[in-house]
Amino acid sequence: MFEKVLIANRGEIALRIHRACKEMGISTVAVHSTADADAMHVRLADEAVCIGPPPSKDSYLNIQAILSAATITGADAIHPGYGFLSENANFAEMVEEHGFTFIGPTPEHIRMMGDKITAKRIAEETGMPVVPGSKGSVDSVADALAIGEEFGYPVIVKATAGGGGRGMQLVRNPGEMEVNWKTARTEALAAFGNADVYIEKFLTKPRHIEIQVLCDTHGNAVHVGERDCSLQRRNQKVLEEAPSPALNEAQRKEIGETVADAMRKMKYRGVGTVEFLYENGEFFFIEMNTRLQVEHPISEMISGLDLAREQIRVASGAPLGYTQDDIKFQGHSIECRINAEDPENFMPCPGKITDYHAPGGLSVRVDSALYSGYSVPPHYDSMIAKLIVHGNNRNECLMRLRRALGEYVIGGIKTSIPLHQKLLENADFINGDYDIKWLEKFVGLTD
Ligand code: MV4
């Protein structure tokens, strides 16, 4: 096992990884920008290294500075967290070349899943159901129109180097194809340096359901159930729940086993998430995320697994030590993402936290790096806390979540807590009756 891990991230996920390390007897190295000198992840870590000025590109994305910090502190491994360098295959490669272990998948798996056309081909080859559409990239208007005819409108044009909702164009009829196909290519080239696009049948009212997987380097793979992440606004998840209100036991087992089997076939290692659109009882693969995700805690709450710990263990070469049958799902869990933003207009609201009181009690978990007197810097993501609760069933979970949100005091800045409180009073949400379009209607803002 590693003796020292460098955590190449900030905020709550840096704390989450630090805590997993300490519970495994591993010492930790924090890295930070000058804006984060007083941050909680710096305070709790055994050692800390300043790696640059506030802008992420000069600090948390500064590969040379991070590798230097690992070298001077004698770290064995680097954990990238989520965002920043977590899905950068070149970074993973450089980490290994410098003699450190990258706590994540191989650079080849990251690269494969980062190219969405390749990801879809691999998904299909390993037996996962994919969204109907073009076989590879669509390089001419004529080919694009032929795909439209074959699969029927509406279709969606997506950038192969995109993902997470960036670089997509809806095409409702053949008349829109030429302009939208060209726009998609131009935007893809500008945003990602790669103009290649592919085309899929557009699903009009799907849910976003993702499967958590965990794999070791000995050929073992398990799934840790699903998360329903349909409640999003502008490609940002707002609230996630596990299990999905839309699935039954048999469906869960079937898609879970299909995904775990695919992971064994592709020799995936570490934790990962396979994203599907789910409509009319059918699953359609869209993307795979090769990182520990923001919403991993709800899967931990229903399974009892410590996914951060498991990720570190398998990265060190340890075998899982349990099988699918050993994983039992219990109850229901929901995560509310709490952002430093105006709950009315969603404008970011960084600033000083004047009062802070986190909720507690049975089955209530707060993953956050906040403290009273802390100043939320304006340079980074606005997510400042995750409130995660567990209940024996969905209703108990909802009652507990309302109770916990009511206890939460974050004074001095605006937060999205009131938005979550409104959401938890809504009949559609209470009934689990929502899809990926629902939240934007609810907040009364459409793109
Ligand atoms: C789609 C789709 C409908 N049909 N693909 C957006 C995020 C990215 N991961 C994929 N996305 C979508 N792909 C087909 N063929 C609708 C979306 C989509 C979406 C997906 C999940 C959650 C929220 C969403 C909001 C708008 C669009």
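What does the net charge come to around residue 174 if you take all other residues with beta carbon closer than 15 Å to its beta carbon, with K and R at +1 and D and E at -1?
Computed value for this residue: -2.
Can you tell me the FRET efficiency between residue 43 and residue 140 if r is taken as the Cβ-Cβ distance and R0 is 45 Å, rounded to the nearest 0.05?
On the way: r = 56 Å, r/R0 = 1.25.
With R0 = 45 Å, the Cβ-Cβ based efficiency is 0.20.
Please work out the C-alpha center-to-center distance from region 111-126 to region 235-260 and express it in whole Å.
Rounded to whole Å, the Cα centres lie 21 Å apart.
Using only Cα atoms, locate the centre of region 371-447 and the centre of region 1-33, then give the distance between them in Å, rounded to an integer.
Cα centroid of region 371-447 versus Cα centroid of region 1-33: 27 Å apart.
Could you tell me the relative contact order of the chain? Use alpha-carbon pairs under 8 Å, at least six residues apart, and round to a whole percent. Spell out each step's value before the answer.
Values: 956 pairs, mean separation 62.5, N = 447.
The value is 14 percent.
When the expected Rg is taken as 2.2 N^0.38 Å, what fraction or multiple of it is the alpha-carbon Rg of region 238-395?
1.20
In the chain, with Lys and Arg counted as +1 and Asp and Glu as -1 at Cβ, which of these residues, 99, 153, 85, has the Cα nearest the positive end of the dipole, that is, farthest along it?
So the residue we want is 85.
Taking R0 as 30 Å, what FRET efficiency do you get between residue 306 and residue 375 from their Cβ-Cβ distance, rounded to the nearest 0.05?
E(calc), rounded to 0.05, equals 0.45.
Nearest 500 deg cm²/dmol is fine: what mean residue ellipticity at 222 nm does the chain get from its DSSP H runs of n ≥ 4 alone, each adding -39,500 (n - 2.57), divided by its residue count? Show your work: numbers first, answer last.
Values: 15 runs with 150 residues, N = 447.
Here the helix-only value at 222 nm equals -10000 deg cm²/dmol.
With the calculation restricted to Cα positions, what are the radius of gyration and Dmax of the chain in angstrom?
Every Cα atom of the chain included, Rg and Dmax give 21.5, 62 Å.
Counting only Cα atoms, I'd like the Rg/Rh figure for region 301-345, Kirkwood definition for Rh. Intermediate values should be presented prior to the final figure.
On the way: Rg = 16.4 Å, Rh = 13.7 Å.
On the Cα set of region 301-345, Rg over Rh gives 1.20.
Roughly how big is region 132-201's charge dipole about its Cα centre, with Cβ charges of +1 (Lys, Arg) and -1 (Asp, Glu), in debye to the nearest 20?
Charge dipole of region 132-201: 220 debye, to the nearest 20.
With the radius of gyration and the Kirkwood radius both derived from the Cα set of region 84-128, what is their ratio Rg to Rh?
On the way: Rg = 11.9 Å, Rh = 11.2 Å.
Taking Rg over the Kirkwood Rh, I get 1.07.
Restrict the search to region 102-179; then list the trypsin sites (Lys or Arg not before Pro) that DSSP places in a loop and that have at most 13 other Cβ atoms within 10 Å of their Cβ.
Here the trypsin sites (Lys or Arg not before Pro) that fit, given the DSSP loop and packing criteria, are 135, 172.
Placing unit charges on C-beta atoms (Lys and Arg positive, Asp and Glu negative, everything else neutral), compute the dipole magnitude of the chain about its Cα centre in debye, rounded to 20.
It works out to roughly 520 debye.
Would you kindly work out the equivalent ellipsoid of region 189-328 from its C-alpha gyration tensor and give its semi-axes, the square roots of five times the eigenvalues, largest first in whole Å?
Working: eigenvalues 126, 73, 44 Å².
Square roots of five times the eigenvalues give 25, 19, 15 Å.
Report the local net charge at residue 282: Lys and Arg +1, Asp and Glu -1, summed over other residues whose C-beta lies under 13 Å from its C-beta.
Numbers: positive: 201, 205, 207; negative: 254, 279.
Here the count lands on +1.
Can you give the relative contact order of region 4-87 as a percent, counting alpha carbon pairs under 8 Å and 6+ residues apart?
36 percent.
With only alpha-carbon pairs counted, each pair once and no self-pairs, how large is the Kirkwood hydrodynamic radius of region 54-144 in angstroms?
15.4 Å
Could you give the size of the charge dipole of region 207-442 about its Cα centre, using +1 on the Cβ of each K and R and -1 on the Cβ of each D and E, expressed in debye and rounded to the nearest 20?
With only Lys, Arg, Asp and Glu charged at Cβ, the dipole is about 480 debye.
DSSP loop trypsin sites (Lys or Arg not before Pro) in region 201-272 with at most 16 other Cβ atoms within 10 Å of their Cβ, which ones?
Counting only loop positions with at most 16 other Cβ atoms within 10 Å, the trypsin sites (Lys or Arg not before Pro) in region 201-272 are 234, 267.
Find the centroid of the Cα atoms in region 54-72 and in region 315-331, then give the distance between the two in whole Å.
The two parts, judged by their Cα centres, are 34 Å apart.
From the P(r) of region 82-227, could you give the percentage of C-alpha pairs in the tail past 25 Å?
Value for region 82-227 (Cα pairs over 25 Å): 37 percent.
Report the longest stretch of the chain that contains none of the GluC sites (Glu not before Pro) sitting in a DSSP loop with at most 12 other Cβ atoms within 10 Å.
On the way: sites that count: 3, 344, 425.
Looking at the chain, 4-343 is the longest stretch - no exposed GluC sites (Glu not before Pro) with at most 12 other Cβ atoms within 10 Å.
What does the charge count around residue 318 come to, taking other residues whose C-beta lies under 11 Å from its C-beta (Lys +1, Arg +1, Asp -1, Glu -1)?
Numbers: positive: 309, 313; negative: 216, 310.
Neighbour charge sum, excluding residue 318 itself: 0.
On alpha-carbon atoms, Rg over Rh for region 132-201 using Kirkwood Rh?
With Rh from the inverse mean 1/r over Cα pairs, Rg/Rh is 0.92.
Given 0.36 nm per residue, what is the gain on full extension from residue 172 to residue 235 after removing their alpha carbon distance, in nm? All intermediate terms of the calculation are to be shown ahead of the outcome.
Values: separation 63, 0.36 × 63 = 22.68 nm, distance 2.08 nm.
Between residue 172 and residue 235, full extension yields an extra 20.6 nm.
Computed from the coordinates by the stated procedures, all read-outs in this text should not be read as laboratory data. Please read all numbers here as calculations on a predicted model, not as lab measurements. Positions of Cβ are backbone-derived with ideal geometry, glycine not excepted, and every protein chain shown enters the neighbour counts.
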